[in-house]
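Here's the structure we're looking at; comments come further down.
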Amino acid sequence: MIKNYIKIAFKVFMRRKFFTAISLFAISFTLVVLMATVSILDQLFAPMAPETRQERTLGVYNAVMRGKDFIQAGDVGYGFLSKYVKTLPDAELVSIYSRVTTATSFKDGFEIKSDMKLTDGEFWKILDFKFLEGGPITDADETNANFVAVINQATKQKFFGDASALGKSIEANGQRFRIVGVVSNVPVYRDVPYADIWVPISTTLDVGYRERLMSGFRAMILARDRADFDRIRSEFNARLKKVALPSSNYDTFLSVAESEFDRSARDLLGATYSTDPNRGDITIPSDSAEVIGLLILAAFLFMLLPTINLVNINVSRIIERASEIGVRKSFGASSRTLIGQFLVENILLTLIGGIVGFILSVIILNALTSSGLIPYADFHVNVRIFLYGLAVTLIFGTISGVYPAWRMSRMQPVNALKGIVR
């Protein structure tokens, strides 16, 4: 039975090329946008190398120091992180690292700009970089202020070509570092691990960085288990109340230990730190669920429009095929048989559109990756996203075919033969 349905479906597709083309365009365009968007979001936030432990990692990214007439907001300082975060008792590891800054180098008389990040030894224990040569910066390198560096593959190519970089030196901002490791390129949108050059924090030219509460640093907190997040946050919030503020101009220090997705959600919605007026606790709105809800709603609304359009197209197809339906009903075809045929046609057409959409998504993501517009981008449609897309395609085809199939099953043979559709 199904085999006959499929044969009939292909004959209908070829006989009504205009409807087929419009339907395929609507389906494939919708899925291209959805799959490309999901693939990009997956690359931005899903756990993947080097952030393989992301599901049990919290970050401290920003802080606000405020008083009655003064407020200072921005990156957290090394002084705060080393004193109040580094020693959190329920954490397995805590790393302090800097934001990316621009490093200037010269090679053969040409200026080379690179993104440089200051790290400690724990940074390389929490993150799972793929080393092509050598190894990471160690705790001893940070303690002894060793002028060593890890560079990415692209930087190695710029300075040394295909030759090994281990043991060679690279100059950055007037300082010379010995290369101890080379890692695979990390995309710029993976904000925590990304850089071209990584060096120990203690080699910084900023002599006063150790005492500052606010400056260009951040922290990663690796929990032993995700269940420890509440205890870590509770202890972190308790320590915020004990921060020794730099002057009487300030009376409150606000920050939060949060996931990377929570931080992005907070930035997207413009949420700010606040204090509970009744208890004085440091709080922050939980916006990740709201952002997820908005994304789901946007996807639903985006799918709804082409689904409605396909329903209308399918109803038009029924009207055009009224006489055919009337003949088949006159020869004893049951409503169940006609509904089955029409649903198979619609699902098959949707699957074909899904395959076309998948191929186009791969082409678009590969083009975006190779364009160089986003440094070290690596966008692709993985198996998980493909299966999600396939499921969406099947739902898409079924929904858009249910009403037209039901409408077709209610047609009376006499009216159908006369072309009357009610």
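Just so you know, all these numbers are worked out from the coordinates, no wet-lab data involved. Keep in mind that this is a model prediction, so the values were computed, not measured. Using ideal geometry, Cβ is built from the backbone for each residue, glycine included, and neighbour counts are taken over all protein chains shown.
Taking a cut-off of 17 Å between Cα atoms, list the lysines near Lys168, but don't count ones fewer than 8 places away on the same chain.
Lys107, Lys156, Lys158
Taking Cα pairs under 8 Å and at least six residues apart, what relative contact order does the range 32-159 come out at, in percent?
18
Just order 144-157, 10-23 by mean Cβ neighbour count inside 10 Å, highest at the front, would you?
Most protected by this proxy first, the peptides run 144-157, 10-23.
Listed here are the pairs Lys86/Lys117; Lys83/Lys117; Lys117/Lys242; Lys83/Lys125; Lys86/Lys242; which of them are more than 26 Å apart at the Cα?
Correct reply: Lys117/Lys242.
Let me make sure I get this right: for the range 62-257, a, b and c are the square roots of the gyration tensor eigenvalues over alpha carbons, sorted descending. Under 1.5 in a/c it's rounded, otherwise prolate if a/b > b/c, else oblate. Which is it?
prolate
All other residues with a Cβ under 11 Å from the Cβ of Thr252 taken together, and with Lys, Arg as +1 and Asp, Glu as -1, what is their net charge?
Neighbour charge sum, excluding Thr252 itself: +2.
So for Val85, Val199, fewest C-beta neighbours within 10 Å to most, what's the order?
In increasing order of surrounding Cβ atoms, one gets Val85, Val199.
Give the shape of the range 122-162 as rounded, prolate or oblate, defined through the alpha-carbon gyration tensor: a ≥ b ≥ c are the square roots of its eigenvalues, a/c under 1.5 means rounded, and otherwise the shape is prolate if a/b is larger than b/c and oblate if not.
Oblate shape, in that a/c is at least 1.5 and b/c is the bigger or equal ratio.
Starting from the Cα-Cα distance between Asn249 and Lys11, subtract it from 0.36 nm times their residue separation and give me the gain in nm to one decimal.
Stretched out fully, the Asn249 to Lys11 stretch lengthens by 77.7 nm.
Given an 8 Å cut-off on Cα distances and at least 6 residues of separation, report the relative contact order of the range 62-257 as a percent.
Across the range 62-257, relative contact order equals 35 percent.
For the ranges 252-262, 174-184, 237-247, 61-71, what's the packing order if you count other beta-carbon atoms within 10 Å of each residue, average per peptide, and put the highest first?
252-262, 174-184, 61-71, 237-247
Leaving out same-chain residues fewer than 8 places away, which aspartates and glutamates sit with a Cα under 17 Å from that of Lys17?
Answer for Lys17, where 17 Å is the Cα cut-off: Glu320, Glu345, listed by chain and number.
Listed highest first by mean packing, meaning other Cβ atoms within 10 Å per residue, what order do 122-132, 45-55, 349-359 come in?
Ranking, from highest mean packing down: 349-359, 122-132, 45-55.
Where in the range 129-222 are there GluC sites (Glu not before Pro) that are in a DSSP coil and have at most 12 other Cβ atoms within 10 angstrom of their Cβ?
none
Could you give the distance between the Cα centres of the range 1-73 and the range 181-195, to the whole Å?
A separation of 23 Å, based on Cα centres.
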